[in-house]
Every structure is written in structure tokens, then in C-alpha cells.
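Worksheet: one structure, shown below.
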Amino acid sequence: MAGAQAQTVAVDIGHTLAASGATSARGRSEFEFNRDLAWQLVSALLERGMTVRVINADGEIPSLRARPAQAAAEGAELFISIHHDSVSAHELQPWTWNGLALDFNDEFAGHSLFVSRENPDLPRSLLCARVAGARLQRLGFVPTHKNARRRPYADAAHAVHYYDGLAVLRHASMPALLFEAGVIKHRDEELLLRDPVRQARMADGIATAIAACLRNGDPVR
């Protein structure tokens, strides 16, 4: 059981300025979505008295392995990587928005979480992911099940999947999870994911879950 001192969480901003991840239905980079939600999560964790280490704050981190390595060097007890989801190329449909030729998919929406069985502390990784999934659903956020097509469930009820080979999870020396906040190719969900009020609410739920998981391991009720 954790002590009374402040817990240290590494919040990783997924992707980089140069390799910015997926592009939303309206042409915004995934990195920008990741950055915005990550900073909301940082604020929510700080409000709970936790110590936070931001990984990839400038969007220029040199490699995937450098992310968990920095987290370890800065004493993190949990690593969470923030991402936003997309779909396969064959599932996209073309459309034009503000004169730009873009693509979208309005079939899939919702969040999901990932852990790796190659992480040295899978039990705690899985517990924290489960607690986060439960808390988000309690707040009314709806998960997606599309990722079960390629990533087996660790906990179907809370949309937690195994992604064993994911570098930022398997190379972390502490419990680690990756959070996909939603599908930015979905035109309606993209707008929701850009809403700062909704971002703050989602971040609050994740922060509550992380605090519960690290401090006593009890589910959030």
C-alpha cells in the first residue's frame, strides 16, 4: 500500500510534432488533441495533491523508448500515455470541409484503454486501467469495442485491451497504461473531444481513478 507522500504520475503526450499521428475528420492532428487532454489531466492530478511529470511536453521526444525511460528517471510510479483513436483506411469515407478534401468515419466512437502483459507490473497496470474505465463509464462516457477486433480484451466490461508489444507500455519499469480518448475520425465525436469542458470532465474522472489506484488500490465507487 502506498504511503502518505505525494504519488508521482508520468503523463505522456502521445505522438510528436513531426509524427503527429492520425488526422481528424476536420484536419486537426492527433498530437494536438493529445496535448490538450494531457494538460487537463495534469491539472486534475495536481489538484489531488499528486506530483506530475509531463513526458514529451515540447512534442520533440526522440523515440518511443525515451518516454518510459524519462518517466523512470523522474521517479514516476505510474505511466499513462494519452492518445486519440482512428480507424483503418478502408473504413474511411471522403468529404469536403471548409474547402479541404478530408475523410471521416461516423460508425465508431468512444474511448478504450490498453495494457501490456510484458510490463513488469501487469496486475497494477490492469487494476489502474480497470478503475479508470469504470470511473469514466460512471461519469457517462461510452467506450468503443472496435479495438477488440485486433486487441484481445483484458476486461471487456471496462474496455481494457491487451496490447503486448506496445513500446511505451512494455518498456516501462512501472505500471503503465495507454488511453485512447475517442475516435477523431467521427465527425460528432471530434467536436466533443475538442470541448475543453468535456476534456476537463474526462480528465477529472481519470485523475480520480489514478489517485484511488495508487493510494489504496480500491475501485472508485
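Anything in the chain that counts as a DSSP H helix reaching 27 Å or more along its axis (C-alpha) with Kyte-Doolittle mean of at least -1.0? List them, would you?
The qualifying helices are 196-215.
I want to check the label-to-label distance for residue 57 and residue 117. Put each point 7 Å from Cα in the C-beta direction and report it in nm to one decimal.
Rounded to a tenth, the inter-label distance reads 3.8 nm.
For residue 192 paired with residue 96, estimate the spin-label separation in nm (one decimal), with each label point 7 Å from Cα along the Cα-to-Cβ line.
So the two model labels end up 2.9 nm from each other.
Percent antiparallel among DSSP beta bridges with both residues in the chain, to the nearest 5?
About 35 percent, rounded to the nearest 5.
Taking the Cα centre of the chain as origin and charging only Cβ (+1 Lys, Arg; -1 Asp, Glu), how large is the dipole, in debye to the nearest 20?
440 debye
Would you kindly derive the ³J(HN,Hα) couplings of the stretch 151-158 from the backbone phi angles with the Karplus curve 6.51 cos²θ - 1.76 cosθ + 1.60 (θ = phi - 60°), listing them in order in whole Hz, with x for Gly and Pro?
10, x, 6, 9, 7, 5, 4, 10
Can you give the local net charge around residue 68? Use residues other than it whose beta-carbon is closer than 13 angstrom to its beta-carbon, Lys and Arg +1, Asp and Glu -1.
-1
If amide H atoms are built 1.01 Å from N in the plane of the peptide, which residues on other chains or at least 5 residues away come under 5 Å of the amide H of residue 85?
Amide H to amide H, under 5 Å and 5 or more residues apart or across chains, residue 85 pairs with 181, 182, 183, 184.
With charges only on Cβ, +1 for K and R and -1 for D and E, what is the dipole size of the stretch 1-97 about its Cα centre, in debye, rounded to 20?
For the stretch 1-97, the charge dipole is close to 40 debye.
In vacuum, with every alpha carbon of the chain counted as one equal point scatterer, what does the Debye formula give for log10 I(q)/I(0) at q = 0.10, 0.14, 0.15 Å⁻¹? Two decimals, please.
These q points yield log10 I(q)/I(0) values of -0.40, -0.80, -0.92.
Quick one: length gained pulling residue 64 to residue 153 fully straight, 0.36 nm per residue minus the C-alpha distance?
That works out to 29.7 nm of additional length.
Using Cα-Cα distances under 8 Å and only pairs 6 or more residues apart, what relative contact order does the stretch 8-215 have, in percent?
29 percent
Each residue of the stretch 85-101 in order: what ³J(HN,Hα) in whole Hz does its phi give by Karplus 6.51 cos²θ - 1.76 cosθ + 1.60, θ = phi - 60°, with x for Gly and Pro?
Coupling constants for the stretch 85-101: 8, 9, 9, 5, 4, 6, 9, 8, 10, x, 7, 10, 10, 6, x, 9, 7 Hz.
Can you give the translational diffusion coefficient of the stretch 1-108 in µm²/s, computed by Stokes-Einstein from the Kirkwood radius over Cα pairs at 20 °C and 1.002 mPa s?
For the chosen part, D equals 138 µm²/s.
Every number in this text was worked out from the coordinates using simple rules, so none of it is lab data. This one's a predicted model, so the numbers in the text were calculated from it and none came from an experiment. Glycine gets a Cβ as well: all are built from the backbone with ideal geometry, and neighbour counts include every protein chain shown.
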